[in-house]
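Below is one structure, written out as structure tokens; the observations come after it.
The values are calculated or read from the model by the stated rules, or taken from the named source; none is laboratory data. Here the structure is a predicted model, which means the values were calculated and not measured. Note that we place each Cβ from the backbone using ideal geometry, even for glycine, and neighbour counts take in every protein chain shown. Each accessible area value is taken on the protein alone, full model and side chains, heavy atoms only, with ligands, DNA and RNA left out. Shrake-Rupley method; radii C 1.70, N 1.55, O 1.52, S 1.80 Å.
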Amino acid sequence: MTIALPKLPYEQDALEPHVSARTLSFHYGKHHRGYVDKLNKLIDGTSYESLSLEDIIATARQNGDIDILNNASQVWNHTFLWASMAPSGATQPNGQIKEMIDEAFGDLERFRQSFRKAALSHFGSGWIWLVQDGTSLRIITTGNADSPVGTLLTPLMTLDVWEHAYYLDYQNNRADYTDSFLEQLINWDFVAANIVNVAKHRVA
Ligand code: FE
């Protein structure tokens with residue numbers, strides 16, 4: 001099976017002015033495509049060829065096949081990144097996701113502060129994630145290509161903090177890029193749809 005580059009879920013100028021068409025043309029058209037092409041070369045003629053992308057990630061992690069793991073993760077992470085952003089501007093968290101944000105962080109503003117702090121204190125390239133951990137929410141960061149896929153954490157949305165994600169629009173200003181994402185771009189409908197309903201455990 002060849003891993004395909006998923007279609008961008010909106011036009012390349014749909015996130016302007018926060019993420020420019022020029023950035024998306026490189027980030028999707030060159031970087032994301034590059035990871036797909038590299039992955040397909042690496043798995044060609046191997047037992048990975050018959051696996052889904054998620055299974056490639058899990059198996060490569062288990063086998064210590066770092067090149068395959070890195071490229072497969074980057075394919076998955078970027079697809080998840082595009083879906084984490086709303087083409088018509090940020091939606092608002094409502095219902096269950098709003099309750100979970102309030103419970104975990106206090107309110108939306110304090111969630112933004114925690115996410116911003118995680119993005120700014122993450123050294124070098126990587127990803128900032130909102131994840132579900134049991135019945136609660138957490139913010140985690142992963143370095144380089146790593147991601148929570150295949151772990152016990154459920155990714156709900158992500159922000160790419162590799163410089164290729166923001167350099168053309170914000171140069172080295174990760175803070176403004178992160179604020180645009182938090183205030184103008186998050187697709188809360190997508191976040192809400194990723195929640196896995198887990199029965200709340202009660203201690204007798
Ligand atoms: Fe990227």
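Structure notes:
- Exclusive hit being of a type in the set (Lys, Arg) and touching a strand residue (DSSP E or B) at 6+ places or on another chain (Cβ under 6 Å), set Arg174, Arg116, Arg138: Arg138
- The residue that is nearest to the chain's Cα centre (by Cα), counting only those in segment 189-204 that are part of a loop (DSSP other than H, G, I, E, B) and surrounded by 13 or more Cβ atoms within 10 Å (Cβ to Cβ), is Asn194.
- Selection of first residues in segment 159-188 that are open to solvent by less than 30 Å² (accessible area, probe 1.4 Å) and in a loop (DSSP other than H, G, I, E, B) and of second residues that are within 11 Å of the ligand (Cβ to nearest atom) and not hydroxyl-bearing (Ser, Thr, Tyr), restricted to Cβ pairs under 6 Å at least 6 apart or on distinct chains, gives the following pairs, ordered by first then second residue: Val161/Gly126.
- Residue check, Phe111 over 25 Å from Leu69 (Cβ atoms), touching a strand residue (DSSP E or B) at 6+ places or on another chain (Cβ under 6 Å), in a helix (DSSP H, G or I) and open to solvent by less than 10 Å² (accessible area, probe 1.4 Å): no
- Options Leu130, Leu152; residue that is of a type in the set (A, V, I, L, M) and not in a loop (DSSP other than H, G, I, E, B): Leu130
- Residue ranges of helices (runs of 4 or more DSSP H) in segment 1-95 with at least 1 members surrounded by 15 or more Cβ atoms within 10 Å (Cβ to Cβ) and more than 16 Å from the ligand (Cβ to nearest atom): 33-43, 53-63, 66-84
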